Amino acid sequence: MNTGNTEVTLTNREFEILYLLASSPGRVFSKEQIYDLVWEEPYFGDYNIVMSHIRNIREKIGDNPSKPIYIQTVWGVGYRFNKNISSGL
């Protein structure tokens, strides 16, 4: 994957999460929904694995976690891809 002129290497899971979010800009996905859709299985435990993958994606695409541009946190709900930007990824 490329961000601007820089090549970025994502794991399969990271790519699937980014693709899921970017395919529906503005739509909020809960951690549970992201896990169920990307891992394709129900999970009955700690969803920190999703948060960890989101953090890794943000680092790799240069999305500042304290002021993210691409992947936004909707507190208490989940994550969404910013619908107000054209994908510069």
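The values are calculated or read from the model by the stated rules, or taken from the named source; none is laboratory data. Predicted model, so just to flag it, every value in this text is computed and none were measured. Neighbour counts run over all protein chains shown; Cβ positions are idealised from the backbone, glycine included.
Under the condition of being of a type in the set (Lys, Arg) and either surrounded by fewer than 14 Cβ atoms within 10 Å (Cβ to Cβ) or in contact with a Phe, Trp or Tyr (Cβ under 6 Å, 6 or more places away or on another chain) (or both), the residues counted in region 18-35 number 1.
Return yes when Val38 is surrounded by 11 or more Cβ atoms within 10 Å (Cβ to Cβ), touching an Asp or Glu at 6+ places or on another chain (Cβ under 7 Å) and on the phi < 0 side of the Ramachandran plot and no when it is not. Taking the combined requirement at face value, the residue satisfies it. Being surrounded by 14 or more Cβ atoms within 10 Å (Cβ to Cβ), of a type in the set (A, V, I, L, M) and at pLDDT 95 or above, is that true of even one residue in region 80-89? Within region 80-89, not a single residue is surrounded by 14 or more Cβ atoms within 10 Å (Cβ to Cβ), of a type in the set (A, V, I, L, M) and at pLDDT 95 or above.
Of the residues in region 63-70, at least one is of a type in the set (Asp, Glu), under 24 Å from Thr6 (Cβ atoms) and surrounded by 17 or more Cβ atoms within 10 Å (Cβ to Cβ). In region 7-30, the residues that are farther than 14 Å from Tyr70 by Cα form Cβ pairs under 9 Å with partners that are part of a strand (DSSP E or B) and among the polar types (S, T, N, Q), at six or more places apart or across chains, as follows: Val8/Asn2.
Beta carbons closer than 8 Å, at least 6 apart along the sequence or on distinct chains, pair a first residue in region 61-78 that is closer than 17 Å to Tyr47 by Cβ with a second that is assigned to a loop (DSSP other than H, G, I, E, B) and β-branched (Val, Ile, Thr) for Val74/Val28; Val77/Val28; Gly78/Val28. State yes or no: is Gly76 over 17 Å from Phe15 (Cα atoms) and over 11 Å from the mean Cα position of the chain (by Cα)? Criteria met by Gly76. Lys83 meets the stated requirement of being in contact (Cβ under 8 Å) with a residue 40 or more places away in the chain and over 21 Å from Thr11 (Cα atoms).
Inspect region 16-24 for any residue being charged (D, E, K, R) and at pLDDT below 90 and give the result as yes or no. No, because not a single residue in region 16-24 is charged (D, E, K, R) and at pLDDT below 90.
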